[in-house]
1. Please give the calculated 222 nm ellipticity per residue for the protein assembly as shown, where each DSSP H segment of at least 4 residues contributes -39500 (n - 2.57) and the sum is spread over every residue; nearest 500 deg cm²/dmol?
2. Sort out for me the Cα centre separation of the range C:161-209 from the range B:326-381, rounded to whole Å.
3. Run through every distinct alpha carbon pair of chain C and return the Kirkwood hydrodynamic radius in angstroms, one decimal place.
4. Looking at the protein assembly as shown from every direction and averaging, what is the projected area of its Cα convex hull in nm²?
5. If we sort C:317-323, B:2-8, C:215-221 on the protection proxy, mean other Cβ atoms within 10 Å, highest first, what's the order?
6. Using only the Cα atoms of chain B, what do you get for the radius of gyration and for Dmax, in Å?
7. Taking neighbour Cβ counts within 10 Å as the exposure measure, how do C:Met147, B:Met1 sort from fewest upward?
8. Find how many whole Å separate the alpha carbon centroid of the range C:291-363 from the alpha carbon centroid of the range B:245-300.
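No value in this document is a laboratory result; all are computed from the given coordinates. Keep in mind that what you see is a predicted model, and the values were worked out from it rather than measured. All Cβ positions, even for glycine, are placed from backbone atoms using ideal geometry, and neighbour counts span all protein chains on display.
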Amino acid sequence: MSRPIQSVEFTFNGEKFFAIPGQSIAAALFQANQHILRKTRMEGEERSIFCGIGICWDCVVTVNGIINQRSCLIEVQDGMVVKS
Amino acid sequence: MIAIIGAGPAGLAAAATAAQRGESVILIDSASQLGGQYWRHLPSNWSDDRSLHYNFDKAQKYFDLILNYPNITRYSNAHVWQAEKIDDKFHLYLIKDGIEEKIVAEKVILATGAYDRSLPFPGWTYPGVMTPGAAQGMLKSHGVLVGKKIVIAGTGPFLLPVAAGLAECGAEIVGLFEANSPLRWTLNLHGLLLNPGKILEAIYYFKKLRKFGIRIQYGKVVEEATRTSVIVDGKVISCDVVAVGWGFVPDLSLAGILGAKLKVDRDGTVLVRVDSNQETSIPGLFAAGESTGIGGSTLALIEGEIAAGAKKTFARWRAQVFAQGLQRVYPVSAKWQNNIQGQTIICRCEEVTQEEIRASIDELGAENGRTAKLFTRAGMGLCQGRVCSRNVSEIVASHTRRKVADSELIAGAGRPMAGPISLGELGDGLGKKF
Amino acid sequence: MKNPDAIVIGAGIVGASCALALTNAGLKVLVLDRGPVAGGTTGAGEGNILVSDKDPGPELVLALRSRDLWFEMQADVGDTFELEAKGGVVVARKDDTLLKEFATKQRGAGVVADEVDAQGLHELEPHLTREINSGIHYPQDAQCQPMLAAAQILRAVRARGGEVVTGASVTSILTSAGRITGVISSRGKYSVPVVVNATGTWAGEIAQLAGSHLPIAPRKGFILVSAPAPHLIHHKVYDSDYVANVASGNADLQTSTVVEGTRSGTILIGASRQIIGFDGSMNIDILRRLAAQATSLFPILRDIQLLRAYRGFRPYAPDHLPVVGEDSIVAGLWHSAGHEGAGIGLAPGSAHLIAQQITGKTPFMDPTPFSPRRFQEGAA
């Protein structure tokens, strides 16, 4: 598979990550081997993607201060600040 | 004006057919790319490689048609959250780029597709456990392999292309487990005879699997997942991803909101009722694709065309025979409950366990799924029951020694909103009217 | 249960509270409901236990006692329904004169109502808009999870010898010489001298079955439920329009702003009132109005998603006071209905009033203002 050279940069819990333009936040994190996306609000259990298509809402993260954003759907924009 | 919601095979076929007939079409989809789930692909500015797809030419043909017809307006990245029928028109409320807009159309075709059906099992909430759709979506749309050593399990023909695609991109498929016996294909011979193309498709995938040395093991299920392995038939298999799926479930939120009559299929799947023209019980509201019966892209394309006015009765019939036959080949037994424990989470969003659901029955007197859900919050989280609703109903039914009533299944498929809207977007009101 | 001492019709919060009070007083109680537990208005309630929104008068006396009884119920039944003395904050959007006057009157009746300035408000609610700088803090306001409360209370009733039968439609109420003698339901026939009508919005139907009448009608309301957003809103917060609307007889749509968090992390937003019969259909314009009002109080809510919206029908009587007491046409028929949006808060107080009167004890307050007699004088 050929890939374009440019990439976009974002942070996840303060750490820097890169994404190919068009990739979702979850995809970019998976690419960098970051599978754990959040901890559940009641039991604090780790979660990652589950359905991958925006149905299950397990992959939610906070994007630029907005909570409950589905990381499997949202395309990375340069400078995005993503948190668990 | 015709509004088509969903740009997967059914929606694309409907849009192309309608546009060909000179109609004004608005094609609405929540994704940025055309294709829905079936025809997920890498962005074109990235790669034109479509080798992961079986017969992608058809998809490309539709993409080109959509982009070239001047009477099709594309509305991508648009989430429909509400809808109403007022007099003879449909008012569709959607969010695009943080602004709420309304589209008014005389005819609406719902082509919102389906999602993987999931059954709980011990450890299914650990990172690394996902649906086959998730593994495939990551690969096809984003070029990312979800793991290096992957177990694929569940039931259904969908497991094959997922395994093949992941193997093609370098994953080691350390186990491919189909719960049902292949001998069950004798129950769909007439389906195969009417649709010989399916045999070619099967051969294509079996060849791929053989190329990568992947052997399908039949009659086995994943009993439990740990953080680093799964247990199948008592044996521990080391892996970093396990993709489990049990067929598909259509998303009927919009159909329910608009008041279309729903029905329960033989296998318990809730569907929209349509007539031979793909029209629902609401005049002017049509449905095509998975929501009228799970049948893959072949059936979806035909239904999309019919919904837009084409006559393809025989083609639809023979595709339906195959699709209904698949239910006999790949049934999902209610016995999945034998595999779960008290501590197994049933509602992932609200972290509700089987124990808590049973307690709501034993201690609090819940007698049906709806009450159990109100007491435990199962189904009340972000996904609004899309993943757990049927499973909760089945647990309550077996614990109270009853069958799940059709009315309960139908109620579980409905919800007051079809998609997310923020309180700010809602309060700000309509930004644009079409 | 062959011969109960009392049958309570209605397994919502009002019926459950009555059943508990009667059971604790030594009666054998049978609870019947045509649907499931909390299947009616209780299932659509927010869980409000308020003194802040009540005018001095009998309803406030009932509310104050009832609020304390909630905590007694918690001690009795167990901490199993998320009861929290979280307190209420009422804000004045513009002129706070009326609000302050109202609070002064309430203080005279035993309500704790502390005036709060801009700084105090923002200590209580950090995300409240800075455009508001005056409010009243009511520390006595509380909240619970109403469905769990009804279910847990009924569980205690069962554990103490009572019985609960759901899916039992009452088809006949038998009387003889103007007195209750029995009940026929789809799941059993019973001989009983006392029936408590706790059917809320449908109380008029039950009254009719017994040969009496009660003018209880539905007042529709919507609630928005947000996606989980914990720790944003700490009290029940509402604007002072709420009080005027509750007391209004206006049938047209009335909305006021009510916002509160829940234990589970979601935020509930209300409130709308409409007299529109039992029309349960969705109304997008009302949802918009409620959302806009809520975000005007708490701008941070703008980015929080709406998870779902649902509606319920509050039971109300023409004079907006609950109906609690013995029917004047049919002896042995007691009503606890028409609590209009305050059913949860007033449930245990109403239950005690009824139990005290049934068992011949002195009621903790003069029950006359709530008596069904006020609608039944001069009736045949």
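1. Details: 25 runs with 263 residues, N = 898.
Rounded to the nearest 500, the figure is -8500 deg cm²/dmol.
2. So the separation of the two Cα centres works out to 34 Å.
3. On the way: mean 1/r = 0.0477 Å⁻¹.
Result for chain C stands at 21.0 Å.
4. Values: hull surface 151.4 nm².
Mean shadow area of the hull around the Cα atoms is 37.8 nm².
5. Packing order, densest peptide first, comes out as B:2-8, C:215-221, C:317-323.
6. 21.5, 62
7. Values: C:Met147 25, B:Met1 18.
Fewest-to-most ranking of C:Met147, B:Met1: B:Met1, C:Met147.
8. 41 Å
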